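Written below as structure tokens is the structure these notes are about.
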Amino acid sequence: MILITGASGSIGRHLVHHLRGEEITAFVRDPAVGDELGCPYVVGDFDDPESVATAMTGVDRVFLNAGGAQPVTGEQPMVRQQRVVIDAAIEAGVEHIVKVSVWHAREGAKLAEGAHWVIEEHLKASGLAWSILQPSGFMQNFRTGAAVFTENGDILGAYGDSRVSYVDCSDIAACAAALLTVSPRAGETFVLTGPEALTHTEIAAKLSAVAGREIGYVDLPAQAFAARLASNGLPARFAQDVAALFAEVAEGRLAPTTDAVADLTGRPPRTFDDFLRENAETIRESWSGSAARVSL
Ligand SMILES: NC(=O)c1ccc[n+]([C@@H]2O[C@H](COP(=O)([O-])OP(=O)(O)OC[C@H]3O[C@@H](n4cnc5c(N)ncnc54)[C@H](OP(=O)(O)O)[C@@H]3O)[C@@H](O)[C@H]2O)c1
């Protein structure tokens with residue numbers, strides 16, 4: 001049986017769909033979400049290790065995914081939470097874990113990139129068979145506008161004119177589904193990207209066409225962007241770290257594309273236009289208001 005953690009998230013929901021017909025259990029915090037997913041589920045919380053241990057009963061494969069970086073001082077909660085899952089999996093005799101990480105996870109990096117590196121190392125040392133997915137930025141970040149906006153509803157960032165090879169969460173889920181079923185490929189790390197790399201000006205133009213209003217991209221120097229985030233309520237240190245990550249993206253580190261999605265799924269990755277077509281209604285509803293939103 002496959003345990004799907006993060007089943008209600010932007011990848012997990014697609015994975016539940018991709019694994020229809022397989023023996024799966026979703027790990028959810030809220031039973032109402034489990035009911036909505038329409039598959040067998042178990043209720044628990046990464047912060048309740050006993051619930052995680054109970055969820056492992058009868059499980060031989062685990063999809064490991066949780067929320068992203070939090071504005072905390074010290075270790076990111078995802079490190080503690082994902083260690084709990086890995087340790088419970090070892091205890092339960094699980095065979096294979098497929099983990100969602102992040103592209104450029106590395107020792108000593110800020111926020112998610114540093115936290116995922118620590119978890120990856122823990123997983124690699126666990127003795128379990130593992131596969132690691134390192135996605136580029138998610139196209140789904142643009143689904144409901146989880147971004148920063150000007151008062152006019154333009155996208156605000158510090159990416160410069162660099163390109164980002166955003167990947168569709170449906171493709172990440174399809175790769176995970178392949179690894180959990182037909183093609184385990186244990187001991188490999190896969191960098192997952194979309195088929196093209198776009199600038200944020202190009203993305204804003206594409207979103208404008210769907211939303212039915214003019215959306216621009218406004219670029220700020222990293223320090224001004226950090227100040228803007230802080231003025232919107234983010235803790236100053238966290239805002240600095242987020243802006244530093246954006247500055248690294250501005251250097252083009254998320255611009256390359258890979259063939260990992262095609263390699264794992266046997267078909268090309270979805271384009272940003274595919275993503276927009278499939279999510280047009282939600283995007284129109286979220287982005288059409290001229291005020292949009294002015295905070296994270
Ligand atoms: N966003 C990007 O562009 C991007 C790019 C590369 C990598 N990543 C990585 O991808 C991962 C997913 O990020 P996301 O923000 O997109 O996630 P998400 O879609 O919001 O999904 C997070 C999932 O984790 C579950 N969860 C959170 N805390 C939990 C807890 N204490 N116990 C049990 N379940 C819990 C959530 O369940 P509930 O429904 O109960 O909240 C949800 O199903 C992160 O590790 C991030 O670093 C993100």
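The values are calculated or read from the model by the stated rules, or taken from the named source; none is laboratory data. None of the values given here were measured: they were computed from a predicted structure. Don't worry about glycine lacking a Cβ; one is built from the backbone with ideal geometry, like all the others, and counts go over all protein chains shown. These accessible areas exclude ligands, DNA and RNA; they are computed on the full protein's heavy atoms, side chains included. Shrake-Rupley method; radii C 1.70, N 1.55, O 1.52, S 1.80 Å.
Structural remarks
- Whole-number percent relative contact order across region 2-135, with pairs defined as alpha carbons under 8 Å at least 6 apart: 20 percent
- With the largest listed first and rounded to whole Å, the semi-axes of the equivalent ellipsoid of region 87-145 from the Cα gyration tensor are 25, 15, 9.
- Rounded Å value of the spacing that divides the Cα centres of region 113-187 and region 48-73: 17 Å
- Charge dipole of the chain (Cα centre as origin; +1 on each Lys and Arg Cβ, -1 on each Asp and Glu Cβ, all else neutral): 340 debye, rounded to the nearest 20.
- Ordering I24, A112, W130 by the projection of their Cα atoms onto the charge dipole of region 2-135, which places +1 on the Cβ of Lys and Arg and -1 on the Cβ of Asp and Glu, puts A112 at the extreme positive end.
- Whole-number accessible area per residue in Å² for region 2-135, which is evaluated in the context of all protein chains at 1.4 Å: 43 Å²
- Take every DSSP beta bridge whose two residues both sit in region 2-135; close to 0 percent of them are antiparallel.
- Percentage relative contact order, region 105-224, counting C-alpha pairs under 8 Å, at least six apart: 30 percent
- Using a probe radius of 1.4 angstrom, the carbon and sulfur fraction of the accessible surface of region 16-70 is 48%.
- GluC sites (Glu not before Pro) within region 211-274: DSSP coil, no more than 15 neighbouring Cβ in 10 Å: E214, E251
- Degrees, to the nearest 10: 111-124 long Cα axis against longest axis of the chain: 20 degrees
- For the chain, the relative contact order comes to 18 percent (Cα pairs under 8 Å, sequence separation of at least 6).
- On Cα atoms only, tilt of 169-180 relative to the major axis of the chain in degrees: 20 degrees
- Only Lys, Arg (+1) and Asp, Glu (-1) charged, at Cβ; region 2-135 dipole about Cα centre in debye: 420 debye
- C-alpha long axis of helix 222-231 to longest principal axis of the chain, angle in °: 80 degrees
- Between G252, G21, G194, the GNM of the chain built on Cα springs shorter than 10 angstrom shows G21 fluctuating the most.
- Neighbour-limited loop hits for GluC sites (Glu not before Pro), region 14-117 (at most 15 other Cβ within 10 Å; DSSP other than H, G, I, E, B): E22, E23, E75, E95, E107
- For region 187-228: rounded, prolate or oblate by the Cα gyration tensor [a/c cutoff 1.5]: oblate
- Computed P(r) (all Cα pairs; the chain; 5 Å bins; percent): 1, 5, 12, 15, 18, 17, 14, 10, 6, 2, 0
- DSSP bridge pairs, the chain: antiparallel proportion in percent, nearest 5: 10 percent
- Reachable lysines from K124, criterion Cα separation under 30 angstrom, eight or more residues apart if same chain: K99, K110
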